[in-house]
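A.B. asks: Mind having a look at this structure? Questions to follow.
The values are calculated or read from the model by the stated rules, or taken from the named source; none is laboratory data. Worth saying up front: this structure is predicted, and the values here are computed from it rather than measured. Accessible surface is based on the protein model in full, side chains and every heavy atom, while ligands, DNA and RNA are left aside. Shrake-Rupley method; radii C 1.70, N 1.55, O 1.52, S 1.80 Å.
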Amino acid sequence: MTRFVEKVVAENTFCPFCENNESSTPPEVLALRDYGSRPDCPGWSLRVVPNKFPALKAEGELERMKNGIYDQMSGVGMHEVLIETPDHNQALATLPVDNISDLFMAVRSRFNVFKSDSRILCAQFFKNHGHEAGASLEHSHSQIIAMPVISRLLGEELAGSKAYSVKHGSCVYCDIIRDEVITGDRIVSENDLFVALAPYASRFAYETWLLPKKHSSMFENSTDDAIHALAEIFKDTAGRVDKLLGSPPYNLMLHTAPFGDPSGADHYHWHTELMPVLGQAAGFEWGAGFHINSVPPEEAAKALRQA
Ligand SMILES: [Zn+2]
Ligand SMILES: [Zn+2]
């Protein structure tokens, strides 16, 4: 297993993500800018730039090698950073819904670009908020790593949703949403298009999933309305987490079907997972692969609903 160690930059040092410091990042690949402003200059509300210290590199052919009993693959892929605001002191969850929506629209746009590269099989959008959650810079940002393989967790979820669909003839996530909305015990909040819920037997305290109510396997096919509703439910949920738990560090992850075979993952249902970081995996978790969660999801959802 690979662990990406990020470089930690202390507070009050030079910040490459602040407005006026655009020349300290690689040239932007996407930006939302004031009319007439020039690329890599001030006048933006969101910038997407290649990571200066990428986990994977875009150049080169995809090669598979044998190294004794081990299989190896060249590290081809893309690693981009989405700078969510020019203001160093803003947090994503406190930005206006329209700005949060802009972030998810930028993710959709980049996913559609990665998808056209035949070497790329899937992309992982994620956000590390706060040092304990793995953020290397405190300026609000998120990342995308586009990979030449299907990630291990996505592979497990795809296998699970396929097995369920073969057995029951329906989507496991759609069935979960239907049942959870009826019982309500693990629902955190809802809007017309999304539901936020604490998943049954969740791994981590206050782990919350944000799921589109309408079945869809690919995030990048989302309409503008769906993206806006996702931004709304993210802001609502993150606001509840902040209020209840005192603005903890958190990770946000997007899980969406792999690229390539357009109908091969119809059984899958894209969603995002929000995980407040309140403790860390320790001996039992690493040893057994099971998680001990001291806050049952029913209690977590109730507390978040009331926050
Ligand atoms: Zn900054
Ligand atoms: Zn579904």
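A.B. asks: Enter the accessible area per residue of the chain (Å², integer; probe 1.4 Å; all protein chains in place). Present the calculation step by step, with values, prior to reporting the outcome.
C.D. replies: Numbers: 15690 Å² over 307 residues.
It amounts to 51 Å² per residue over the chain.
A.B. asks: Also: Please work out how much accessible surface Asp266 shows to a 1.4 Å probe, ignoring ligands, DNA and RNA, in Å² rounded to 10.
C.D. replies: 90
A.B. asks: Report, by chain and number, residues whose modeled amide H sits under 5 Å from the one on Ser216, excluding near sequence neighbours (fewer than 5 apart, same chain).
C.D. replies: Amide H neighbours of Ser216, under 5 Å, 5+ apart: Trp270.
A.B. asks: Which of Asp224, Asp98, Asp71 moves the most in a Gaussian network model of the chain with Cα springs under 10 Å?
C.D. replies: Ranking Asp224, Asp98, Asp71 by mean-square fluctuation puts Asp71 first.
A.B. asks: At 222 nm, what value in deg cm²/dmol follows for the chain if DSSP H runs of at least 4 each add -39500 (n - 2.57) and the sum is divided by all its residues, to the nearest 500?
C.D. replies: -9000 deg cm²/dmol, from helical runs alone.
A.B. asks: Pairs of Cα atoms under 8 Å, at least six residues apart: use those to get the relative contact order of the chain, whole percent. Working shown, then result.
C.D. replies: Working: 589 pairs, mean separation 53.3, N = 307.
Relative contact order of the chain: 17 percent.
A.B. asks: Tell me, what % of the accessible area of the stretch 89-239 is carbon and sulfur with a 1.4 angstrom probe? Numbers along the way, then the final one.
C.D. replies: Values: 3530 of 6470 Å².
Exposed carbon and sulfur together represent 55 percent of the surface.
A.B. asks: If the elastic network links every pair of Cα atoms under 10 Å, which of Thr208, Thr85, Thr223 fluctuates the most in the Gaussian network model of the chain?
C.D. replies: Result: Thr223 has the largest fluctuation of those listed.
A.B. asks: Looking only at Met275, Met65, Met78, which one moves most when the chain is put into a Gaussian network model with springs between Cα atoms under 10 Å?
C.D. replies: Met65
A.B. asks: When all protein chains stay in place, what accessible area (Å², nearest 10, 1.4 Å probe) is found for Cys174?
C.D. replies: Result for Cys174: roughly 40 Å² accessible.
A.B. asks: Using alpha carbon centroids, what distance separates the stretch 243-288 and the stretch 36-52, in Å?
C.D. replies: Result: 29 Å between the Cα centres.
A.B. asks: Let me ask another. For Lys213, give me every one of the lysines with a C-alpha distance below 27 angstrom, ignoring sequence neighbours fewer than eight places off in its own chain.
C.D. replies: Once the sequence-local lysines are set aside, what remains near Lys213 is Lys115, Lys127, Lys162, Lys167, Lys235, Lys243, Lys302.
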